[in-house]
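The values are calculated or read from the model by the stated rules, or taken from the named source; none is laboratory data. As the structure is a prediction and not an experimental result, all values here were calculated from the model. Note that each Cβ is placed from the backbone with ideal geometry, even for glycine, and that neighbours are counted across all protein chains shown. Just so you know, the surface numbers come from the protein's heavy atoms only, side chains and all, with ligands and any DNA or RNA stripped out. Shrake-Rupley method; radii C 1.70, N 1.55, O 1.52, S 1.80 Å.
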Amino acid sequence: VPFFVWVYSFLSTVVLVNLLIAQMSSTYERVKENSAEFWEFDRVSLIREYKDNKDPLPPPFNVLWYLYIGLRWMCGQRESPFSRGFKWPRRRQGAADVFKIGDAARREYLNTEAKELAAAVEHQVELLHRGQRVLEAEQRSQFEAIT
């Protein structure tokens, strides 16, 4: 009996280690597939951090930057030429054009998908008809051989 317990525990350990290896392998593949996307998101977040939240000069010289901004503020210029953040022009006509282009692209894609699906279904139907004709011919030849 102790021999069978040892064999059972050995085999169950091997199976569990194999399951662990398979799980780690699938996780690695999934992370590898998304790695480029994660890298791009991290790069964009780094760029946004330095564009939006960091001063243009390093810490010892940022006093000069604040003096420059203060002088501009005292002279009546409220907006800095180096304003922070990304500026997107918001035009109603431009946004409408973008939505029209997106809608047209979506419709074209859906039409193409529908045509490809219809062609695939027609191809499957043709294959079924061809197989049916072959079977009918075989059955006729067998029937004629019998009679």
Roughly to the nearest percent, how much of the accessible area of segment 95-146 is carbon and sulfur, given a 1.4 Å probe?
62 percent
Table column - 3J(HN,Hα) (Hz), segment 20-30, Karplus curve with 6.51, -1.76, 1.60, x for Gly and Pro:
5, 4, 5, 5, 5, 5, 5, 5, 4, 4, 5
Computed label-point distance, nm, for sites LYS54 and LEU19 using a 7 Å Cα→Cβ extension
4.7 nm
So which aspartates and glutamates can LYS51 reach, going by Cα to Cα under 18 Å and dropping same-chain residues fewer than 8 places off?
GLU40, ASP42, GLU79
Give me the 1.4 Å probe accessible area per residue for the chain, excluding ligands and nucleic acids, in Å².
95 Å²
What's log10 of I(q)/I(0) for segment 95-146 at q = 0.15, 0.17 Å⁻¹, Debye sum over Cα points only, no solvent?
-0.61, -0.68
Based on the Cβ-Cβ distance of ASP97 and LEU117, what FRET efficiency does E = 1/(1 + (r/R0)^6) give at R0 = 35 Å, to the nearest 0.05?
0.70
Dipole of the chain, positive direction: furthest Cα of ASN53, GLN132, LEU11, with charges on the beta-carbon:
ASN53
Once the Cβ-Cβ distance between ALA105 and SER45 is put in as r, and R0 is 30 Å, what FRET efficiency do you end up with, to the nearest 0.05?
0.60
Computing the accessible area with a 1.4 Å probe over protein heavy atoms, can you report the carbon and sulfur percentage for segment 1-58?
68 percent
Could you work out how far apart the two model spin labels at GLU33 and GLU144 are, taking each label as a point 7 Å from the Cα in the direction of the beta carbon, and quote it in nm?
5.3 nm
Quick one: putting +1 on the C-beta of Lys and Arg, -1 on the C-beta of Asp and Glu, what dipole do you get for segment 95-146 around its Cα centre, in Debye to the nearest 20?
80 debye
In whole Hz, with x marking every Gly and Pro, tabulate ³J(HN,Hα) for segment 58-73 from phi via Karplus 6.51 cos²θ - 1.76 cosθ + 1.60, θ = phi - 60°.
x, x, x, 9, 5, 4, 4, 4, 5, 5, 4, 5, x, 5, 4, 5
Can you give me the angle between helix 92-146 and the longest principal axis of the chain, using Cα atoms only, in degrees from 0 to 90, rounded to the nearest 10?
10 degrees
So what's the gap between the Cα centers of segment 1-26 and segment 116-147, to the nearest angstrom?
50 Å
With a 1.4 Å probe and all protein chains kept in place, how much accessible area does LYS32 have, in Å² rounded to the nearest 10?
120 Å²
